[in-house]
1. Here is a check on your reading of the model: is residue 86 out of contact with any Leu (no Cβ under 7 Å at 6 or more places or on another chain) and not charged (D, E, K, R)?
2. Quick one: what pairs do we get from region 262-282, first residue within 17 Å of residue 245 (Cα to Cα), second basic (Lys, Arg), C-beta under 7 Å, 6+ apart or different chains?
3. Could you tell me whether region 184-198 includes any residue that is part of a loop (DSSP other than H, G, I, E, B) and closer than 21 Å to residue 144 by Cα?
4. Quick check on my filter: what residues within region 153-171 are of a type outside the set (A, V, I, L, M, F, W, C) and surrounded by fewer than 19 Cβ atoms within 10 Å (Cβ to Cβ)?
5. With respect to residue 252, determine if the residue is more than 20 Å from residue 108 (Cβ to Cβ) and either in a helix (DSSP H, G or I) or without any contact (Cβ under 8 Å) to a residue 24 or more places away in the chain (or both).
6. Only one of (1) under 21 Å from the mean Cα position of the chain (by Cα); (2) more than 30 Å from residue 195 (Cβ to Cβ) is not met by residue 264, so which one is it?
7. Go through 263, 248 for me and flag whichever is buried (at least 17 other Cβ atoms within 10 Å of the Cβ) and modelled with pLDDT of 95 or more.
8. Before we move on, is residue 190 buried (at least 17 other Cβ atoms within 10 Å of the Cβ) and within 21 Å of the chain's Cα centre (by Cα)?
Amino acid sequence: MPPAPPDEDERPIPNGPIAQQSASVADTPLKDRHAVVTGAGGDIGAAIVAELARLGARVTLMARTAATLEARRAALPTARTAAVTLDVADPASVRTAFARARAELGPPTILVNAAGIGEAAPFAKTDVALWRRTLDVDLTGAFLCAAEVVPGALAEKWGRIVNVASTAGLRGYKYMTAYCAAKHGLIGLTRALALEVATTGVTVNAVCPTYADTEMTQRTIKNIVATTGRSPEQARGALERMNPLGRLITPAEVAQAVGWLCLPTSAAITGQSIGVAGGEVM
């Protein structure tokens, strides 16, 4: 009679090329995938770029300013990256940028729409120019970029689109009418497109950060100081108290949520709007 197999805990640990290959795949699950990240010049966009590169993806950084992009890119010396300028609100600019990205790193099957702007104003002072500017960048820009990626992802039968929305897409905020409208619209786009491509291997999700420790939030704090007379510390404290964690979230926390949604093992997660907000929205 042959000896009984060892208990699971007693079995030898595999070694050699096969084990090393498995470990490598586990460490870089997005290897051979090309990801495009818009808004890569911002704090959250840059953190997302770093996370996707860590997971093995080739990454194209996109934003409006070439110098900012090159500075962000220089922080990733070991990753395969490209830096391409674009204005997400300009259809011609989007077409040109994605054509260049495809030429440099191949067809992208991952898209993270992280480009966004937010301007606070009372409704009575929200003019048509502010309204259109916000929707053009935060909503139409995401639509234009998705239109560049979805056909290739469908052909590949695999893709990940992640829209960086906001808790402002899940609730209302005073003095943020245009921003809330744009982010609610972005979540609507996410849900509708997710259903349309649900059987194709392409997923579409949104992450919804609350106030994060970014340059955009610093501008919000300065605006609070200017309009209320509070100190910067008081203004920041007011934002921190909105979060049940009692603090601002970090760009890395947003990036890790995005990275998880892009994994091959997240194939059953689609059409979701995931709050990265410490319990502020449920």
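1. On the way: out of contact with any Leu (no Cβ under 7 Å at 6 or more places or on another chain): yes; not charged (D, E, K, R): yes.
Against the criterion (out of contact with any Leu (no Cβ under 7 Å at 6 or more places or on another chain) and not charged (D, E, K, R)), residue 86 qualifies.
2. Pairs that qualify, where the first residue is within 17 Å of residue 245 (Cα to Cα) and the partner is basic (Lys, Arg), are 281/171.
3. Looking through region 184-198, at least one residue is part of a loop (DSSP other than H, G, I, E, B) and closer than 21 Å to residue 144 by Cα.
4. The answer is 156, 157, 171.
5. The answer is yes for residue 252.
6. Exception for residue 264: condition (2).
7. Values: 263 fails: buried (at least 17 other Cβ atoms within 10 Å of the Cβ).
That would be 248, the only listed residue that is buried (at least 17 other Cβ atoms within 10 Å of the Cβ) and modelled with pLDDT of 95 or more.
8. Taking the combined requirement at face value, the residue satisfies it.
The values are calculated or read from the model by the stated rules, or taken from the named source; none is laboratory data. Keep in mind the model is a prediction, meaning the values are calculated, not measured. For neighbour counting, all protein chains shown are included, and Cβ atoms are generated from backbone atoms with ideal geometry for every residue, glycine included.
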